[in-house]
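Have a look at the structure below before the remarks.
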Amino acid sequence: MTRKPDLAALFGATEATTFLGLEKCDDLAAIDASSAFIGAPCATPYGSVGAYAQNGPASLRKAIASLTANIDRHNFDLGGPTFPEGCRRAVDCGDLPWSDSDFATNRQTIRDAISTIAGRGTVPILIGGDDSVPIPMLDAMGDTGKSYTVLQIDAHIDWRDSHMGETYGLSSTMRRASEMDHIRKIIQVGARGIGSGHSSDFDDAVAWGAKFFTGPDIHRNGLQPAMDQIDPGAEVILCIDIDALDPSIAPNTIGRAPGGLGYYQVLELIAAVADRGRIAAVDFVEIMPEVDIDGIGALTVSRLVAATMGMIARQES
């Protein structure tokens, strides 16, 4: 046999354009779902690289397409079906329009969409796009009137005030979050290696009160110290840069670094939020299918997204 067998055909999958074959929602103002997959191919990219992660959302839809007929099957990551009986399912809201030159409009488009979705009582799952995408998402969550903890899972701390003259780029995400009145706590997990940040940026983060659990910390001491920082009943925004994962399972990103987290370590962190508090919003960013290896990264991240949808559906009930 010279060609790969078709797993989708083996499982009886039907052709679908949405993530996991979920119902499509075109009217955000009328959304009725536990969570919403929404693609944001671009927000505020640096001029040196442009919108290099614009195909991230499409790659996850493609990666999980083989399971569209299996949505009701037992998911061992969750201990039951992804969406148990009596729980609202997720929906796919498609991709937001974007411009490769009008970054302010990109940010406003993301902000408006997230504000509308969260205002309907649905948890937004924003799929990027580079790590500038979360900034307008974080800003929009202030419209709910609630206060939030941010749990960032990332290889980099993103506390630059500006980089290449841009203050809303991917290196400044947590710095911008720290300036928002509704963000009360920031927990940062997985930092390792060399990034764009200076030691002074790390010092500023510590002075603000951010709690750090580096990649070496996690491998040495386990996840519990980080999970203990999630206050009972907290409303938590998950900011997941996939370069937090080890490149052996997530090569589909521009910021690969050895020594990353494993699939179940990230899944356990997400589950800890649902168990101790409430998942209020999520982003998965820095997804670059052009550098993936045989679809391994898209497979990994798409399964994390599906499991997160299942946890959100369960926390409603």
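Coordinate-derived values only; no laboratory data. Being a predicted model, the structure only gives us computed values, none of them experimental. Note that we place each Cβ from the backbone using ideal geometry, even for glycine, and neighbour counts take in every protein chain shown.
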Q | the range 205-289 - Rg and Dmax from Cα coordinates, angstrom | A | 13.3, 37
Q. Using 7 Å Cα-to-Cβ label points, what is the residue 99/residue 231 separation (nm, one decimal)?
A. 4.0 nm
Q) Taking the range 127-214, how much of its Cα-Cα pair set, in percent, is spaced more than 22 angstrom apart? A) 19 percent
Q: Write down, largest first, the equivalent ellipsoid semi-axes of the range 173-317 in whole Å, where each equals the square root of 5 times an eigenvalue of the alpha-carbon gyration tensor.
A: 23, 21, 14
Q.
Mean Kyte-Doolittle hydropathy of 0.0 or higher plus an axial Cα length of 15 Å or more: which whole DSSP H helices in the chain meet both?
A. 263-276, 296-316
Q. Distance in nm between label sites at residue 207 and residue 26, each 7 Å beyond Cα in the beta-carbon direction?
A. 5.2 nm
Q) So how many Å³ per residue does the convex hull of the Cα atoms of the range 1-156 work out to? A) 169 Å³
Q. Taking springs between alpha-carbon atoms closer than 10 angstrom, which of 300, 167, 14 fluctuates most in the Gaussian network model of the chain?
A. 14
Q. Which percent of Cα pairs goes in each bin when the distances of the range 233-281 are cut into 10 angstrom slices starting at zero?
A. 28, 42, 26, 4
Q | P(r) of the range 70-130 over all Cα-Cα pairs, binned every 10 Å from zero, in whole percent | A | 17, 37, 27, 15, 3
Q: Note the count of lysine pairs whose C-alpha atoms are less than 30 angstrom apart in the chain, limited to pairs 8 or more residues apart or on different chains.
A: 7
Q: Could you point to the label whose value was computed as mean projected area of the Cα convex hull in nm² for the structure here, given (1) 18.9; (2) 16.0; (3) 13.7?
A: (2)
